[in-house]
């Protein structure tokens, strides 16, 4: 490695690691694993302290996660909606994260950072579901330590190859910076395209909350289906009167039970009605013709002042 690059690494390496990890964990699409891999390689070559890199990266993880945990405790499901608004991951990530919490409880924090979409949502979901402070800090810190160690470990194993690559890039100066920038832009563009394709697949007619209320008011009998996960129903323990609860995950098992001679209205509490639209697509592919997601979901129904009922205590889930 040239003296110039070695000087930059020795002066700013830890700051770069902290900044990149923190920015990614706070929700911006700037992947930190490449930085951890390079930092691990430099640590293996004695140009950075492995202990310092590990500690500073883990600290960045914990600071960002604690911020989202506190936000989740105070604002609940609204935080998940905000995060899916700024994330490049499709909004189905909300239901995926909730499903993993139902299956694994707080243990999901140990592996969350390895699962795209879930990594960002796990800390606020832990706060929203009232996982205790001590348990959150223990499991989240352990999960962060595993993630940082994996990134650094990969760099240490490939130390000599990565150092040669850095020397090669150093020789090309501005061109190397442009290449790295182009790769980052390509990554963001791909994630945006992935998100756009997801919504294009789910594009279909919605029914407004006022239209649904009028149907119910005049005696029409649409079948209303609540496709929220049990965790989502715990976060918002109200439902539209008469709604049948069939969560997105496992919905296929109930398709035969649904009537084909009634309109089916599906609702959820996720951004852009992602879960409801996914179920609607599934039903349409199974031959159902009169299927529509509820525009704005349960949040829009409540905001319009339409009647709701509270869930029975045994319908709620302890996370």
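With respect to being surrounded by fewer than 19 Cβ atoms within 10 Å (Cβ to Cβ) and either under 25 Å from the mean Cα position of the chain (by Cα) or modelled with pLDDT of 85 or more (or both), residue 226 falls outside the description. Applying the criterion of being surrounded by 11 or more Cβ atoms within 10 Å (Cβ to Cβ) and under 19 Å from residue 31 (Cα atoms) to the residues of segment 166-182, the residue that is modelled with the lowest pLDDT is 176.
Can you spot a residue in segment 202-211 that is exposed (fewer than 13 other Cβ atoms within 10 Å of the Cβ), closer than 18 Å to residue 278 by Cα and modelled with pLDDT of 75 or more? There is at least one residue in segment 202-211 that is exposed (fewer than 13 other Cβ atoms within 10 Å of the Cβ), closer than 18 Å to residue 278 by Cα and modelled with pLDDT of 75 or more.
When you check residue 163 against the structure, is it modelled with pLDDT of 65 or more, in a helix (DSSP H, G or I), over 21 Å from the mean Cα position of the chain (by Cα) and over 23 Å from residue 34 (Cα atoms), yes or no? No: the conditions fail for residue 163. Would you check if residue 21 is modelled with pLDDT of 90 or more, assigned by TED's automatic domain parsing to the domain that holds residue 160 and surrounded by fewer than 17 Cβ atoms within 10 Å (Cβ to Cβ)? So residue 21 fails the test. Inside segment 128-160, residues that are modelled with pLDDT under 90 and in a helix (DSSP H, G or I) make up a count of 7.
Of 90, 123, 116, all but one fail to be within 30 Å of residue 251 (Cα to Cα), part of a helix (DSSP H, G or I) and at pLDDT below 95; the exception is 123.
Taking the criterion of being within 22 Å of residue 258 (Cβ to Cβ) and at pLDDT below 90, the residues of segment 286-319 that qualify are 289, 311, 315.
The values are calculated or read from the model by the stated rules, or taken from the named source; none is laboratory data. Just so it is clear, the model here is predicted, and its values are computed rather than measured. Cβ sites come from the backbone with ideal geometry, for glycine too, and all protein chains shown count toward neighbours.
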